[in-house]
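J.: Okay, here's the structure, questions in a sec.
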Amino acid sequence: MSKKNKFFFMDCSAAAICCDKAQYQEANFFEKIKLSFHLLLCKTCRKFSSRNRRLTDLMEDAKLKTCSEEQKKQWKENIKKEYSGQRTS
């Protein structure tokens, strides 16, 4: 591939990385252009990009929350109690 073509094209692994960056607004303008051009030519990467976008949307819609450290500690203690109770029975 000539230098000029390398300037405009990217391989699929680079496209996957760029796709992730673009979804989180971390890709620059030129990376987005290269990705768009790659997606026009590559059906596999278009499919990856579509699924990746759908997964990101589902995660945002799920409104997931993390547990506090205190909750985690309490659950661990409860599990240990239940487990030790089962072993002695």
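Throughout, read-outs are computed from the coordinates displayed, never taken from laboratory work. Since this is a predicted model, take the numbers as computed values, not measurements. Cβ coordinates were reconstructed from backbone atoms using ideal geometry, including for glycine residues, and neighbour counts include every protein chain displayed.
J.: Note down the magnitude of the dipole of the chain about its Cα centre, charges +1 on Lys and Arg C-beta and -1 on Asp and Glu C-beta and zero elsewhere, to the nearest 20 debye.
T.: Dipole of the chain, to the nearest 20 debye: 340 debye.
J.: Pairing rule first: another cysteine's C-beta must sit under 4.7 Å. Under that rule, which cysteines of the chain stay single?
T.: Lacking a cysteine Cβ partner under 4.7 Å: CYS12, CYS18, CYS19, CYS67.
J.: At 222 nm, what helix-only mean residue ellipticity would the chain give, in deg cm²/dmol to the nearest 500, using -39500 (n - 2.57) for each DSSP H run of four or more?
T.: -26000 deg cm²/dmol
J.: Which one of SER13, GLN25, PHE37 has its Cα pushed farthest toward the positive end of the charge dipole of the range 3-63, where Lys and Arg give +1 and Asp and Glu give -1 at the Cβ?
T.: Result: PHE37.
J.: In nm, what is the difference between 0.36 nm times the number of residues separating GLN23 and GLU82 and their Cα-Cα distance?
T.: Length gained between GLN23 and GLU82: 16.9 nm.
J.: Quick one, which of [x] 14, 29, 17, 13, 14, 9, 3, 0; [y] 15, 47, 31, 7, 0; [z] 15, 39, 31, 14, 1 is the actual P(r) over Cα pairs in 10 Å bins from 0, in percent calculated for this model?
T.: Of the listed options [x] 14, 29, 17, 13, 14, 9, 3, 0; [y] 15, 47, 31, 7, 0; [z] 15, 39, 31, 14, 1, [x] comes from this structure.
J.: In the range 17-65, which GluC sites (Glu not before Pro) are in a loop and have at most 16 other Cβ atoms within 10 Å, using DSSP for the loop call?
T.: GLU26
J.: Between ASP11 and GLU60, how many nm apart are label points set 7 Å from Cα along the C-beta direction?
T.: For ASP11 paired with GLU60, the spin-label model returns 3.1 nm.
J.: Say a site is exposed when it is one of the trypsin sites (Lys or Arg not before Pro), sits in a DSSP loop, and has at most 11 other Cβ atoms within 10 Å; what is then the longest site-free stretch of the chain?
T.: 1-62
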